[in-house]
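Right, one structure below, let's go through it.
The values are calculated or read from the model by the stated rules, or taken from the named source; none is laboratory data. Every value quoted in this text rests on a predicted model; they were computed, and no experiment measured them. Glycine also receives a Cβ, built like all others from the backbone with ideal geometry; neighbour counts cover every protein chain displayed.
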Amino acid sequence: MENVKGYRTVETLRIQCNEAIQAGAALFAGMCGDEVDLDLLVAYLAARGFDGGVIVGDQEADGVLWFQEGTPREVWVFEAGDIPEVLLNGPGRNRLRDLAARGGQVSVVACEPPTVPPEFLDSSDEQEPQPAVATEPPAHPWPVILEHVAVRVARSRGPRLAAQFAAALNRALERHGGGMDGERVHAPQLPESTWRVIVEAACAPVVAIAGRAFTDRTIAASEREVAGGGDEAQSAQAAVGTEGEGTP
Amino acid sequence: MTRRSWLPKAIIGPLAVAAGITYGLDGGGPGVQVARHVMGALLQLLAPLVAGLGCLTAARAYARGDRERAVWMTGAWATLAWAAGRAVFTGHEWIAGKALPFPSLADGFFVAFYLLLGTALCLEARLVWPVVERPVRRNLAVYGGLAWALALSMVLVSVAQSQASVLEKALAAFYPAAAVLLVPAGLLPAAGFRGGTSAYPWLAVAMAAVCLAAASFGFTSLIRHGLHPAVHRADALWVAGFVFLAVGGFWQRAALEEA
């Protein structure tokens, strides 16, 4: 019964969010999709703690990426007459890119995110925000990787951007019961999809300043460093004074 | 408007206006010509100092030991070397009474400028090399190689026929050829940070390299034909180059502070 209620709550929230976004005030409307850098737009909105949605649509389908306090959430794709297809931020954004590339128009709509309706909550305990529970094992050791990303950003882009990254990471982790303790990242066990959202939110300031390519390669290099023995590999690199390919 | 946002505009704006007046206007009596000569010399000294201030401002956005700080600090030292060279050049003109002090001690500083700026851009290129896609790197390398070969051949063809000394010929070939190589070196970081605001300062640096390369060509061409006057419109390209460098430095700082 709880699962059914939970499912209904999530579905209702999606419907409410979509209705709020569709009825919200358009900051930009009808921008030509193939002239908009979607990643840059998302990074820009994320860096400013945007609430609302980015809508990409053509005559066949509408795609909506919604933001909550600057965090890009799910993407819903509405094909004509079908139930919305729900996608995670990463693949969802690819879908929006496809829509934009085939001539879709981009709109940005600001709106307040709806609150959880009380009839879907059984007791006062459930009104507290619940951390996500891992239903799938994370594919990467994200806390360690993110610590390495912070170090790399500080080293090559300066302490100011690293501080912005750490603040964004802390905000994203707090929603799931985690946080940063100095340079250490601590978080409960979270599913891979949740980590993807956290990484996206944390990296938004870095994308805005240094671009998507730099950010992706920094994450990839950190992953390799962690996979290749972490501090031992770092010490070895420092000792010989060289760094490998893909090491910003 | 914060102090930091208007300060670069307050410095660069009057410099650009003064350059426009000095190099844009023609004619006038002997008094006006002397005034233009003085203004020209002053601008050629101030422009690299302003560029150095921009580089220093960018460097201070980073902590000690950061690689990016080393890049911008090397750029600042380069501009200081150029300013020193201009001071020596002007000293030779005004105090020693040489119409064209080339080659002279000043050229030592100018060569140092190109070597230091090249070092700064190589440091930055090494930082961003892994984040630039292979086709972009290849295209920039091909473009850089072709432009360098073209520039070198053009200069070599012209200076080889002149009666100038070996040192004069070597310097005349070095300046434009070195400046041309700086253009792709400036474009590489711009490509690495594309989509982010950090790309724009590096586009400004690449533009600075374009202006310096054009100015070098103009300088060597004017000398070869014996047409180098006290003030020439082509000298505006030197000022433009340093203004772009200053814009790059100030912009880099602003981009990081807006993060």
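Would region B:22-29 turn up any residue that is within 14 Å of the chain's Cα centre (by Cα) and either surrounded by fewer than 21 Cβ atoms within 10 Å (Cβ to Cβ) or not hydroxyl-bearing (Ser, Thr, Tyr) (or both)? There is no residue in region B:22-29 that is within 14 Å of the chain's Cα centre (by Cα) and either surrounded by fewer than 21 Cβ atoms within 10 Å (Cβ to Cβ) or not hydroxyl-bearing (Ser, Thr, Tyr) (or both).
Residue-wise test of (1) within 14 Å of chain B (Cβ to nearest Cβ); (2) in contact (Cβ under 8 Å) with a residue 60 or more places away in the chain.
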position	(1), (2)
A:Pro143	no, no
A:Glu147	no, no
A:Arg155	yes, no
A:Met180	no, no
A:Glu192	no, no
A:Ala202	yes, no
A:Pro205	yes, yes
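Test B:Leu256 against the stated conditions and say whether it is of a type outside the set (Lys, Arg), assigned to a helix (DSSP H, G or I) and in contact (Cβ under 8 Å) with a residue 24 or more places away in the chain. Considered against the rule, which asks whether it is of a type outside the set (Lys, Arg), assigned to a helix (DSSP H, G or I) and in contact (Cβ under 8 Å) with a residue 24 or more places away in the chain, B:Leu256 comes out as yes. If you go through region B:131-140 one residue at a time, do you hit one that is modelled with pLDDT under 85 and assigned to a helix (DSSP H, G or I)? Checked region B:131-140: at least one residue is modelled with pLDDT under 85 and assigned to a helix (DSSP H, G or I).
For every residue, the table says whether it meets (1) part of a helix (DSSP H, G or I); (2) at pLDDT 80 or above.
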{"site": "B:Tyr175", "(1), (2)": "yes, yes"}
{"site": "B:Leu181", "(1), (2)": "yes, yes"}
{"site": "B:Gly186", "(1), (2)": "yes, yes"}
{"site": "B:Thr197", "(1), (2)": "no, yes"}
{"site": "B:Thr220", "(1), (2)": "yes, no"}
{"site": "B:Ile223", "(1), (2)": "yes, no"}
{"site": "B:Ala230", "(1), (2)": "no, no"}
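Taken as a whole, the condition of being modelled with pLDDT under 80, of a type in the set (Val, Ile, Thr), more than 22 Å from A:Ala202 (Cα to Cα) and touching a helix residue (DSSP H, G or I) at 6+ places or on another chain (Cβ under 9 Å) does not apply to A:Thr71.
Contact map, region A:209-221: residues that are facing chain B (nearest Cβ under 8 Å) paired with residues that are of a type in the set (Asp, Glu), Cβ distance under 6 Å, separation 6+ or inter-chain. Pairs shown: A:Arg212/A:Asp39. I'd like to know if region A:57-66 contains one or more residues that are among the hydrophobic types (A, V, I, L, M, F, W, C), without any contact (Cβ under 8 Å) to a residue 60 or more places away in the chain, within 18 Å of A:Ile198 (Cα to Cα) and out of contact with any His (no Cβ under 9 Å at 6 or more places or on another chain). The answer is yes, given that some residue of region A:57-66 is among the hydrophobic types (A, V, I, L, M, F, W, C), without any contact (Cβ under 8 Å) to a residue 60 or more places away in the chain, within 18 Å of A:Ile198 (Cα to Cα) and out of contact with any His (no Cβ under 9 Å at 6 or more places or on another chain). Considering each of B:Ser162, B:Ser158 in turn, give the residue that is polar (S, T, N, Q), assigned to a loop (DSSP other than H, G, I, E, B) and surrounded by 13 or more Cβ atoms within 10 Å (Cβ to Cβ). Only one candidate passes the filter, namely B:Ser162.
The rows are residues; the columns are (1) modelled with pLDDT of 80 or more; (2) surrounded by 15 or more Cβ atoms within 10 Å (Cβ to Cβ).
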{"residue": "A:Ala139", "(1), (2)": "no, no"}
{"residue": "A:Trp142", "(1), (2)": "yes, yes"}
{"residue": "A:Gln164", "(1), (2)": "yes, yes"}
{"residue": "A:Arg184", "(1), (2)": "yes, no"}
{"residue": "A:Glu192", "(1), (2)": "no, yes"}
{"residue": "A:Ala201", "(1), (2)": "yes, yes"}
{"residue": "A:Thr218", "(1), (2)": "yes, yes"}
